[in-house]
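Structure first, then comments.
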Amino acid sequence: MLEALRRGLTPQQLCDLTYPQQKETFEKLGISFDIFSRTSKPIHYKTVEEFYRRLWEKGYIYPKEIKQWYCPVDRKVLPDRFVKGSCPVCGAPEQYGEVCEVCGSFYEAFELRDPRCSICGAKPEIVEKTHFFLKLSALTEKVLEYVRPKTYWRKSTYNKTVSWLEREGLRDKDITRDYDWGPPAPFPGAEGQVLYNWVENLLGYISATRDWAEERGEPEAWRRYWFDKETRLYCFIGKDNLFFHTILFPAILIAHGDYILPHNVVVNEFVNLEGQKISTSRGWVVWLHDMLKYYDPDLIRFYALVTAPEGKDTDFRWRDFQLRVNSELIGTFANFIHRVLSFTWNMFGGVVPEARDERDAEAVSGWIGEAAQRVEQHLESCEFRDGIKAVLDLAQQGNRFLNEKEPWRNRENAPSTIYYALRIVNALSVLSYPFLPFTAERTREYLNLPNPPKWSDIHAEIRPGHRIREPKPLFRKLSNEEIEERIAELKATLKT
Ligand SMILES: [Zn+2]
Ligand SMILES: [Zn+2]
């Protein structure tokens with residue numbers, strides 16, 4: 001809403017601008033959605049209304065007179081990000097009226113010290129309003145019961161959530177706002193108010209499933225997921241949204257009573273940029289849609305994977321991007337694939353040779369089996385960094401195999417060596433598919449094998465006599481010049 005105000009647009013107009021850009025960026029990165037829905041759709045409003053009517057009927061919502069900041073210049077009540085001031089807990093300046101980005105405390109906007117209107121900077125006045133509160137205090141024990149067995153969550157997520165609940169417990173939360181963007185609050189006496197964005201947008205997961213079901217022409221199909229105890233709901237978020245997903249979301253679902261709860265909330269820490277916090281307003285940012293103009297999406301996916309902030313904050317650095325792409329993705333992974341395919345093309349006219357050596361068969365199956373097991377296990381537990389590491393390790397093993405067997409010198413054994421090396425290439429084309437889908441598909445095109453691969457293709461035999469296609473290098477190395485250019489571009493957009 002604030003950004004729309006700054007640009008002279010309505011929130012709907014701003015969303016209409018960003019939605020297609022985000023959708024296109026995801027598509028270009030090879031991220032596919034069963035449904036890429038929007039919380040401005042009627043199905044979302046309907047879902048929210050039904051949900052909160054139930055919470056009202058069950059006595060989880062009550063009205064209360066509260067004090068609000070009001071800007072006499074803009075003639076607006078100032079909730080959440082519409083007001084700025086010092087954190088009432090730690091005193092940090094320039095914090096919004098909801099959460100302190102320095103100490104992580106949550107508070108009501110009214111508690112801010114030295115408040116100012118974030119639109120015009122004026123000193124706000126106090127007005128009295130009737131708002132509606134969610135009785136979160138009644139849910140602390142139930143949320144704790146839900147969270148305690150989740151010891152398979154990432155450690156810091158689990159610890160932060162449990163200690164939050166044990167130390168502070170939950171406070172009732174003001175869930176209505178005096179503006180007109182968002183689903184209306186469906187409570188008697190709440191006319192003209194909408195629901196606080198977090199208590200309604202979390203239900204977007206449900207309404208998106210309903211949207212998907214309607215698009216399929218099976219409008220009731222969403223119930224199979226949300227009401228079935230066997231469903232495993234995974235949420236992927238950044239750490240600034242931890243409270244909303246590990247506490248607030250389960251709390252409202254428990255209050256409602258019919259829905260399943262998240263199985264895992266996979267929380268990432270932050271990615272910084274060249275050692276500084278990313279800031280779109282300061283222009284200290286690398287946009288994906290800009291990066292995609294220069295780079296293969298798999299380079300971006302690769303670097304995002306190897307630097308994923310799974311346990312602690314990490315840093316995006318252009319020179320590190322160059323180094324890791326050149327040495328690991330190209331030097332280890334792509335280079336092995338290209339070596340094997342080129343040998344096949346040049347030494348055997350593109351025809352898969354006959355295998356002879358039984359000991360190699362055993363060793364190679366062992367490496368492939370171990371890599372597959374590691375990748376499966378890491379994907380299952382959402383450890384994507386370790387997942388890509390297992391893929392790279394198999395490529396490294398393949399390089400060692402070639403270097404030991406020396407098919408370019410040891411001509412007698414060369415057919416057998418290349419046959420088993422091709423089996424490793426095939427396994428890599430399947431194992432890398434979830435991480436680097438474009439590269440995996442290109443590799444399989446050179447192998448002349450069908451796309452997309454099935455997971456069971458990992459162990460597929462490649463028939464001697466099968467013809468491959470003429471291979472080309474999968475990537476080109478990143479040069480110093482272009483990386484210097486990227487760094488210069490970044491510095492040029494920084495506003496001081
Ligand atoms: Zn603070
Ligand atoms: Zn103002």
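The values are calculated or read from the model by the stated rules, or taken from the named source; none is laboratory data. Being a predicted model, the structure only gives us computed values, none of them experimental. Counting neighbours? That spans all protein chains shown, and the Cβs are built from the backbone with ideal geometry, glycine included.
Summary table
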{"read-out": "Segment 82-96 residues that are closer than 12 Å to Trp69 by Cβ, paired with ones that are within 7 Å of ligand 1 (Cβ to nearest atom) (beta carbon under 7 Å, 6 or more apart)", "value": "Lys84/Gln95; Gly85/Gln95"}
{"read-out": "Ile300 vs. criteria among the aliphatic types (A, V, I, L, M) and under 24 Å from Ile237 (Cβ atoms)", "value": "yes"}
{"read-out": "Pair list, Cβ under 6 Å, 6 or more apart: segment 228-255 residue closer than 26 Å to Lys135 by Cα and small (Gly, Ala, Ser), other residue at pLDDT 95 or above and in a helix (DSSP H, G or I)", "value": "Ala251/Leu136; Ala251/Leu139; Ala251/Val143; Ala255/Leu55"}
{"read-out": "Within segment 443-461, tally of residues that are under 27 Å from the mean Cα position of the chain (by Cα), part of a loop (DSSP other than H, G, I, E, B) and not charged (D, E, K, R)", "value": "3"}
{"read-out": "Failed criterion for Ile237 (all others in (1) under 30 Å from Ile487 (Cα atoms); (2) among the β-branched types (Val, Ile, Thr); (3) part of a helix (DSSP H, G or I) hold)", "value": "(3)"}
{"read-out": "Scope segment 267-283; condition touching a Ser or Thr at 6+ places or on another chain (Cβ under 8 Å) and part of a strand (DSSP E or B); matching residues", "value": "Val267, Val271, Asn272"}
{"read-out": "Some residue of segment 93-109 being more than 9 Å from ligand 2 (Cβ to nearest atom), at pLDDT below 95, in contact with a Leu (Cβ under 8 Å, 6 or more places away or on another chain) and in a loop (DSSP other than H, G, I, E, B)", "value": "no"}
{"read-out": "Residue satisfying condition, being among the small types (Gly, Ala, Ser) and within 16 Å of ligand 1 (Cβ to nearest atom), within set Gly104, Gly59, Gly121", "value": "Gly104"}
